[in-house]
1. Please report, to one decimal in angstroms, the Kirkwood hydrodynamic radius of the stretch 106-145 built from all distinct Cα-Cα pairs.
2. From the P(r) of the stretch 130-248, can you give the percent of Cα pairs sitting at distances over 20 Å?
3. From the backbone phi of the stretch 158-169, what are the Karplus-calculated ³J(HN,Hα) couplings (6.51 cos²θ - 1.76 cosθ + 1.60, θ = phi - 60°) in whole Hz, Gly and Pro given as x?
4. Rounded to the nearest 20 Debye, what is the dipole magnitude of the stretch 40-174 about its Cα centre when Lys and Arg each give +1 and Asp and Glu each give -1 at the C-beta?
5. Can you tell me the length gained on complete extension of the stretch Asn107 to Ser188, counting 0.36 nm per residue apart and subtracting the Cα distance?
6. Lys126: which aspartates and glutamates have alpha carbons under 14 Å from its alpha carbon, excluding same-chain residues fewer than 8 sequence positions away?
7. State the extension gain, in nm to one decimal, for the chain segment bounded by Leu84 and Val233, taking 0.36 nm per residue of separation less the distance between their alpha-carbons.
Amino acid sequence: MKKSLCASTAALALVLASAMLAPACAADLSIAPIYKAPPAAASWAGSYVGIAGGGAWGSALLRNDTTGADQAPRLNSSGGIIGLTSGFNLQNGNWLLGFEGDISAANKKGSAFEFPPNAAFSNEVKEQWLSTFRGRVGYARDNWLVYATAGGALANVANSIIAPVGTISDQQWHWGWTAGGGVEVKLSQDWSAKVEYLYVGLQDKSYFTPTPSPAFPGNQRLHPDDHIVRVGVNYKLPWNILDSFFKH
């Protein structure tokens, strides 16, 4: 009797110990997953806003509006540019199609003395505002985007004639075109940084026609252009400007 009771007690203790050890053994023997899902590819689709700034340089041709003859040597100009950007992207696989617009304050200027018989006068040309509105086509891979861009441009340019007797100024808005490209990288899901180059060709515009003072030369025609290199930061908005369109 005592031997049977002892045997039964020992068997019960063994069963309880096995039950307590089973989860620990199972945990020790667990097998790590062999397959690990790749991280989701960065999405460039959606609307964004940003800020961009950098340097601008270029030239301006100053001619007589009647004869077409140069009134001064080519004016080489340079300065800074900074402004706001907004746009949106559509993405299909690695390919991206988008639109971007920006408006920037500029301080790009240059000056030169006029040719005789007006050698006592100098011209200073200053680009004050620049806006571009462009399409973008790009190729995205991982967190990187390489793109080409082209579209229209609008610039406000001031032309001043400086003489010992004083200064006169005139300013005009120039339409034009722009083309370039850039590289953009995702810093996080919502933030990205870019560096881009743009060439801007602007239309000819007449200045000082008619001449505001007989003491100054006038009847000038100005043709400016720009080379721009700038860096920027964009923030992807939590809503898409095209959402309401696709819901209809």
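None of the figures in this text is laboratory data; all of them are computed from the coordinates on show. Just so it is clear, the structure is predicted and the values come from calculations on it, not from any experiment. Every residue, glycine as well, gets a Cβ built from its backbone with ideal geometry; the counts of neighbours run over all protein chains shown.
1. When all Cα pairs of the stretch 106-145 are included, the Kirkwood radius is 14.3 Å.
2. Summing the P(r) tail past 20 Å for the stretch 130-248 gives 61 percent.
3. 9, 10, 10, 9, 10, 9, x, 8, x, 9, 10, 9
4. About 260 debye.
5. My answer for the length gained is 25.9 nm.
6. Lys126 reaches Asp170, Asp225, Asp226.
7. 52.6 nm
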